[in-house]
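Chemist: Please find one structure pasted underneath; my questions will follow.
The values are calculated or read from the model by the stated rules, or taken from the named source; none is laboratory data. If you're wondering where the values come from, they're calculated on a predicted model, not measured in any experiment. In this analysis, Cβ positions are derived from the backbone assuming ideal geometry, glycine residues included, and neighbour counts consider all displayed protein chains. Note: accessible area is taken over every heavy atom of the protein model, side chains too, but ligands, DNA and RNA are not part of it. Shrake-Rupley method; radii C 1.70, N 1.55, O 1.52, S 1.80 Å.
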Amino acid sequence: MTDSEKNVTISQSAVKRVRELTADGEFAGMNLRIAVNGGGCSGFQYSFSFDDTKNGDDRVIERDGVEVLIDEVTWDFIAGSELHFAEELIGSYFTLQNPNAASTCGCGVSFSIG
């Protein structure tokens, strides 16, 4: 992978939704955090949460004033991905379009590495 392919990007739909969620209320002023944990139907699963703490090993990606936090271990799994916010009949959710995933489950929350 080239350096530009290793970046994680944020889609406009994700920027819009993070802004909406962090404008006021429970998540006001927080950043979205992406993590990868073991589990799910494919071996690994994505976790999306809001956090007001930037850790020393976090990489911070930014688009249009929205910052997303990703720890170093997670970065290795998702480098080259795009964060997206999907609105479908089954619901609305954050998802990653991850070129490193060998397979994903139907909901796009869990994946395997080949």
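Chemist: Within the range 68-84, how many residues are crowded, with 17+ Cβ neighbours inside 10 Å, out of contact with any helix residue (DSSP H, G or I) (no Cβ under 7 Å at 6 or more places or on another chain) and not β-branched (Val, Ile, Thr)?
Modeler: Qualifying residue count, the range 68-84: 4.
Chemist: With the requirement that a residue be basic (Lys, Arg) and in contact with a Leu (Cβ under 7 Å, 6 or more places away or on another chain), what does the range 12-52 give you? Steps first, answer last, please.
Modeler: So the first thing to find is which residues in the range 12-52 are basic (Lys, Arg), and the list is 16-17, 19, 33.
Listed by number, the list holds a single entry, 33.
Chemist: Could you check how many residues of the range 14-30 are small (Gly, Ala, Ser) and open to solvent by less than 40 Å² (accessible area, probe 1.4 Å)?
Modeler: 1
Chemist: Considering only residues that are of a type in the set (Gly, Ala, Ser) and in contact with a strand residue (DSSP E or B) (Cβ under 7 Å, 6 or more places away or on another chain), look in the range 51-91 and name the one that is modelled with the highest pLDDT.
Modeler: Residues of the range 51-91 of a type in the set (Gly, Ala, Ser): 56, 65, 79-81, 86, 91.
Now drop any that are not in contact with a strand residue (DSSP E or B) (Cβ under 7 Å, 6 or more places away or on another chain), which leaves 81, 86.
Details: 81: 95, 86: 91.
By that ranking, first place goes to 81.
Chemist: Please give the number of the condition residue 33 fails out of (1) of a type outside the set (Phe, Trp, Tyr); (2) at pLDDT below 95; (3) open to solvent by less than 60 Å² (accessible area, probe 1.4 Å).
Modeler: Only one criterion is unmet by residue 33, namely (2).
Chemist: Show the residue pairs meeting these rules: Cβ distance below 6 Å; 6+ apart or different chains; first residue within the range 4-26 and under 13 Å from residue 80 (Cα atoms); second residue polar (S, T, N, Q).
Modeler: Every condition considered, the pairs that remain are 8/81.
Chemist: Identify the residue in the range 92-110 that is β-branched (Val, Ile, Thr) and part of a strand (DSSP E or B) and, among all such residues, is modelled with the highest pLDDT. Can you show your working first?
Modeler: Of all residues in the range 92-110, those β-branched (Val, Ile, Thr) come to 95, 104, 109.
From what is left, the residues that are part of a strand (DSSP E or B) are 95, 104.
Details: 95: 90, 104: 68.
In this case the residue turns out to be 95.
Chemist: Search the range 85-114 for residues that are farther than 21 Å from residue 6 by Cβ and open to solvent by 70 Å² or more (accessible area, probe 1.4 Å) and pair each with any residue that is at pLDDT below 85 and assigned to a loop (DSSP other than H, G, I, E, B) when their beta-carbon atoms are under 8 Å apart and the residues are at least 6 apart or on different chains.
Modeler: Correct list of pairs: 90/107.
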